[in-house]
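The values are calculated or read from the model by the stated rules, or taken from the named source; none is laboratory data. The structure displayed is predicted, hence computed values, not measured ones. Neighbour counts run over all protein chains shown; Cβ positions are idealised from the backbone, glycine included. These accessible areas exclude ligands, DNA and RNA; they are computed on the full protein's heavy atoms, side chains included. Shrake-Rupley method; radii C 1.70, N 1.55, O 1.52, S 1.80 Å.
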Amino acid sequence: MTIINTAIIGAGAIHGCHVNALRPLPNVTLRALVDTDIAKGQPLANEYQCHFYQDYREMLQDKAINVVHICTPHFEHKNMILAALAAGKHVFCEKPVGLNASEIADICHAVEQASGILGVCYQNRLNPTSLRIRQELAGGGLGKMLSIRAVLTWSRSGAYYTHSPWRGRLATEGGSLLINQAIHTLDLMQWFAGGVTRLKGVVESGELADVTEGEDSAMATLHFANGARGLFYASNCHTTDAPLLLEIHCEHGTLRLNDNRLWRITPDAHRELASDAAPDGTSKRYWGQSHQQAIRQFYQAIDERGDYAIDIVEASRSLRLVEAIYRSSQTRQWLTIPH
Ligand SMILES: NC(=O)c1ccc[n+]([C@@H]2O[C@H](COP(=O)([O-])OP(=O)(O)OC[C@H]3O[C@@H](n4cnc5c(N)ncnc54)[C@H](O)[C@@H]3O)[C@@H](O)[C@H]2O)c1
């Protein structure tokens, strides 16, 4: 079994999910941790018994490192992906893959030239409930999909933004609620319905207007490629991180994800199909539980010289929707989404 040496760039809030997901992989060693903040990164590197770097470009010169995880602010993603791929590494990047859709072309070009693969972390596609929704829809028993409604109400305090000042700034986060939190929900909606053809949306800032330059709330109407309609509402102004409510209304029944449990509701039966509730200790529950699965599948793709499902094309879909909602909100127009 080949030993794979890994480096993580960014020792902030999400990096622990990556460290925990790497631990059970028998042929993977965490070889380096990188963070510009030495006071934060060095003690963690000591704890993980790995090398510490302040500059990721120095780390990339270590030829023994095969894989790089990017867990940094959004504005850093594109340059880090390009540099790591150019150095011959495989890259697993946290969402969003870039700051905006215009960065996608550069990343696509780099991926085409690269020997390594690029995977992007949309772990919620691997939640048991998400996989079961896809299975139920593919089975066809519920008939034609008519609409999806999704309601995401989380809580972000002023301290969340002041603690990591890149958050809440358009230049470094690229937006706020949509690009950081609700992008997962938009990704799931478009994945369940096979893509979005047009949308009209609006973003607004109320409770957090003094804290973030971006929006704290958003809503949109989506038209999906399969003819169904999507209704989307999200806000960071709730007082708790409520589990996602997502409901798919079909001709012969409804799939309802509520409180991390998936129900199939038809005129004759109300049946629980799957649950995301079992904690695996690797992530906050409302983020989803599936970093472990996503990272395991990424390393499997490396081992088998195969593809990782959420590549640059898949990762671009939700980022394009986020950007389209921002644009639609400015113009108050419907926008067509190129497929
Ligand atoms: N998949 C999920 O559910 C999920 C959840 C939370 C965060 N995220 C994503 O993870 C990424 C990081 O978010 P976070 O909340 O952990 O941020 P954070 O602010 O807590 O951590 C970011 C870290 O990166 C470091 N950093 C910044 N620039 C750097 C550079 N040039 N080189 C090395 N280190 C650098 C910072 O010092 C900080 O320690 C973002 O893309 C975010 O959207 C994903």
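Observations on the model:
- Subset of segment 188-212 (residues that are of a type outside the set (Ser, Thr, Tyr) and either over 18 Å from Ser328 (Cα atoms) or modelled with pLDDT under 95 (or both)): Leu188, Met189, Trp191, Phe192, Ala193, Gly194, Gly206, Glu207, Leu208, Ala209, Asp210, Val211
- Of the criteria (1) within 24 Å of the chain's Cα centre (by Cα); (2) of a type outside the set (D, E, K, R); (3) surrounded by fewer than 22 Cβ atoms within 10 Å (Cβ to Cβ), which one Val68 fails: (3)
- Residue in segment 76-97 that is acidic (Asp, Glu) and under 19 Å from the mean Cα position of the chain (by Cα) present: yes
- Residue in segment 191-198 that is of a type outside the set (Val, Ile, Thr), within 16 Å of the ligand (Cβ to nearest atom) and in the same structural domain as Gly141 (by TED's automatic domain parsing) present: yes
- Pick from segment 125-147, criterion outside any loop (DSSP other than H, G, I, E, B) and polar (S, T, N, Q), ranking: most open to solvent (accessible area, probe 1.4 Å): Gln135
- Qualifying residue in segment 36-53 (condition: under 25 Å from Leu170 (Cα atoms), surrounded by 24 or more Cβ atoms within 10 Å (Cβ to Cβ), within 15 Å of the ligand (Cβ to nearest atom) and among the β-branched types (Val, Ile, Thr)): no
- Filter result (within 16 Å of the ligand (Cβ to nearest atom) and either basic (Lys, Arg) or under 15 Å from Gln292 (Cβ atoms) (or both)) within segment 122-149: Tyr122, Gln123, Asn124, Arg125, Leu126, Asn127, Ser130
- Matching residues, segment 201-216, being polar (S, T, N, Q) and surrounded by 22 or more Cβ atoms within 10 Å (Cβ to Cβ): Thr212
- Test: residue in segment 95-106 that is within 26 Å of Ile325 (Cβ to Cβ), modelled with pLDDT of 95 or more and touching an Asp or Glu at 6+ places or on another chain (Cβ under 7 Å): no
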